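Working notes for the structure below.
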Amino acid sequence: MFRTGLSSFATKRYLNTNAKPTQLQEYVESMSSSGATFPKSILESLQAETRQRFRDAHKMIPLHQAEFLYSFTRMIRPENVLEIGTFTGLSTTSIAAGTQGRIITIERDSGALSIAKSTRHVSYVPIVCIMMEPLCSPTIPLYVQFSVKKIPTGPSATKFDLVFIDADKGNYINYFNQIMSRSLLSDRGVILVDNVLFRGLVPQAMESEIDPQNKGLMRTARQLHAFNQHIKDDPRVEQIILPLYDGLSIIQKKAKLTCFPPNR
Ligand SMILES: C[S@@+](CC[C@H](N)C(=O)[O-])C[C@H]1O[C@@H](n2cnc3c(N)ncnc32)[C@H](O)[C@@H]1O
C-alpha cells in the first residue's frame with residue numbers, strides 16, 4: 001500500500017477520515033486527469049517491462065506519483081534537473097514530459113540504466129544518464145562524492161531548478177550536503193525527496209524500543225528521521241513534508257525578507 005498512493009497512515013492522520021485507503025485512492029486516481037503530454041502508455045509499458053525483469057520492481061514510483069512529478073515539473077518550469085536514483089527511468093520520463101530543460105540522472109545499476117536509456121523519453125529533452133562507478137572507496141560518503149563530482153561545478157556550473165532524490169536512504173544527508181556545498185541549487189530551486197515517511201514508520205523510529213522483527217526497516221526509518229531532522233535544523237532551507245505516497249518532502253532555500261509592507 002505504501003508505494004501505491006495514499007497510505008493508511010496518511011488517510012488516518014491527515015485526512016481526518018475513516019474511509020478505506022483503497023477506496024480513497026481509487027477515487028483520487030479516477031478523478032485526477034492526466035495532462036495531454038503525460039506519457040501514460042510509455043510509462044505503463046515501462047512498468048510492465050520493469051516488473052518482468054526486476055524482482056525489486058516495487059522501487060518504481062507509482063503511476064499517480066509519476067503524474068504528480070510531471071505536473072509539479074510543469075509548474076516550476078525547471079531549466080536543469082538533477083535526479084539521484086534513475087532505476088529504469090519512470091520518474092525520469094515523467095519529469096522529462098513536463099519540461100523542455102535538461103535532465104542529469106544518476107544510477108549505479110547498469111542493468112536498470114540500460115532500460116532507462118532505451119525508454120522513449122520525450123524526444124526534445126536532453127537526458128544525461130550518469131552511471132555510477134562501482135564502489136571506489138570503502139566509505140559511502142566518497143562514493144556519493146564520486147557521482148556528484150561528475151557534475152561540473154565552479155562559478156559557471158549548472159545550477160539545478162529541480163532535484164529529485166530517490167536513491168539509497170542512508171545517503172540522503174550526504175546528497176543534500178553535496179548539493180548545498182557545491183551550490184548546485186538555483187535560488188528558485190526545489191529539492192523533492194521521496195520516502196521520507198518510509199511506510200509511516202519514521203515517527204516510531206524515534207522510540208527507543210524497537211521491534212526486533214522490524215530491525216532492518218526501522219534502521220532505514222531512523223536514517224530518514226535523521227535526514228528530516230537535518231533539514232529542519234539547516235537554517236538555509238525550509239521544508240514541508242507531505243504525507244503522500246511514501247512521504248514526500250519539498251525543500252527550498254529560505255525566503256528572504258526583502259520586501260516589507262510600508263509603515264502606515
Ligand atoms: C527507489 S529506486 C529509484 C526509482 C526511480 N526514481 C523510479 O521512479 O523508478 C532507487 C535507485 O537508486 C539507485 N541507487 C542506490 N544507491 C545509489 C547510489 N549511491 N548512487 C546511484 N544510484 C543509487 C538504486 O540502484 C535504485 O535503482
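The values are calculated or read from the model by the stated rules, or taken from the named source; none is laboratory data. Computed from a prediction, not measured in an experiment: that's the story for all the values here. Note that each Cβ is placed from the backbone with ideal geometry, even for glycine, and that neighbours are counted across all protein chains shown.
Structural remarks
- Qualifying residue in segment 115-122 (condition: within 14 Å of the ligand (Cβ to nearest atom) and modelled with pLDDT under 80): yes
- Unmet criterion (only one of (1) at pLDDT 70 or above; (2) of a type in the set (S, T, N, Q); (3) crowded, with 20+ Cβ neighbours inside 10 Å) for Q100: (3)
- Annotation note: of I231, I210, the sole residue that is among the hydrophobic types (A, V, I, L, M, F, W, C) and assigned to a loop (DSSP other than H, G, I, E, B) is I210.
- Criterion violated by L82 - all others in (1) in contact (Cβ under 8 Å) with a residue 40 or more places away in the chain; (2) under 16 Å from the mean Cα position of the chain (by Cα); (3) near the ligand (Cβ under 8 Å from one of its atoms) satisfied: (3)
- Checked against the criterion of being small (G, A, S) and modelled with pLDDT under 90, the candidates S110, S91 yield just one match: S110.
- Selection from segment 180-204 of residues that are assigned to a loop (DSSP other than H, G, I, E, B) and under 15 Å from the mean Cα position of the chain (by Cα): N195, V196, L197
- Candidates F72, F87 - the one that is away from the ligand (no atom under 12 Å from the Cβ), in contact with a strand residue (DSSP E or B) (Cβ under 9 Å, 6 or more places away or on another chain) and within 25 Å of E29 (Cβ to Cβ): F72
Every residue, every condition in (1) part of a strand (DSSP E or B); (2) surrounded by fewer than 18 Cβ atoms within 10 Å (Cβ to Cβ); (3) touching a residue at least 60 places away in the same chain (Cβ under 8 Å); (4) at negative phi, yes or no:
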residue: G216; (1), (2), (3), (4): no, yes, no, yes
residue: A226; (1), (2), (3), (4): no, yes, no, yes
residue: P235; (1), (2), (3), (4): no, yes, no, yes
residue: Y245; (1), (2), (3), (4): no, no, yes, no
residue: S249; (1), (2), (3), (4): yes, no, no, yes
